[in-house]
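The values are calculated or read from the model by the stated rules, or taken from the named source; none is laboratory data. None of these values were measured; they are calculated from a predicted model. Positions of Cβ are generated from backbone atoms using ideal geometry, with glycine treated the same way; all protein chains shown enter the neighbour counts.
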Amino acid sequence: MIIALGFQKYQQRSGAGRSCDTNETAGWTRFVDQAGTAIINHIPESGLRLCGGGSPGWLFGVYPSILYSTTIGTICYVSPTGTPCARIAGQPVRVTHCGAYFVFDMPVAPECPLRACTIDERMPF
């Protein structure tokens, strides 16, 4: 766990209708409104079209539980055959606890239809 100060400026992703994350900008991101609030932290179970992308991404790692602390995980993507993390090597992501929300230091997805799958999740602490 590290303390991150770079998250103080972040972009917001609010749209639910994106089909991939290749058009997004890398860096600190907060998911809001229809985009949800957090990246799922389990392998998607509802098929490949979950979350609007052909290859949904999920957080392999843990969310930080201490205010302003950061954890490091991996964004894994489900392959067209349903195998997690097989199609594209996972991409590192940092997650910072900001009190009422999380921010994510997101990479740009290397290709379409890769997309981080987000949900509207209340802070568990």
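Looking only at residues in region 60-81 that are assigned to a loop (DSSP other than H, G, I, E, B) and among the aromatic types (Phe, Trp, Tyr), the one that is modelled with the highest pLDDT is TYR63.
Restricted to region 2-13, and to residues that are surrounded by fewer than 12 Cβ atoms within 10 Å (Cβ to Cβ) and in a loop (DSSP other than H, G, I, E, B), which residue is modelled with the highest pLDDT? In this case the residue turns out to be LYS9. The set of residues in region 21-54 being more than 12 Å from the chain's Cα centre (by Cα), surrounded by 19 or more Cβ atoms within 10 Å (Cβ to Cβ) and at pLDDT below 70 consists of GLY53 alone.
Taken over region 82-116, the criterion of being surrounded by 13 or more Cβ atoms within 10 Å (Cβ to Cβ) and at pLDDT 85 or above is satisfied by VAL93, ARG94, VAL95, THR96, HIS97, CYS98, TYR101, PHE102, VAL103, PHE104, ASP105, MET106.
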